[in-house]
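The values are calculated or read from the model by the stated rules, or taken from the named source; none is laboratory data. Note that the coordinates shown come from a computational prediction; the quantities given were computed from them, not determined experimentally. Protein only, heavy atoms only, side chains kept; ligands, DNA and RNA dropped before computing areas. Shrake-Rupley method; radii C 1.70, N 1.55, O 1.52, S 1.80 Å.
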Amino acid sequence: MKYLKKRIRFILIIIFSLAILAFVQWETQTNPNLSGTKVLWITEILKIFCGGYALYGIIQFFRVK
């Protein structure tokens, strides 16, 4: 239990960042109104940030002592 208590914050970071990443990906694939260049550029940046934050959560999950 102590093992998970220390790591629960990073588990939540991973879950929420992957959920946001999946939602943005799904929304851009299914909504034809999101076809503007600026909108697609912003969604790509958002996906990159979410992926980076998930990677941070994974690395910190294994670094906690």
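Per residue, segment 1-49 exposes 83 Å² of solvent-accessible protein surface, assessed with a 1.4 angstrom probe and all protein chains in place. Ordering 34, 55 by accessible surface, largest first, gives 55, 34; the 1.4 Å probe counts only protein heavy atoms, with every chain in place.
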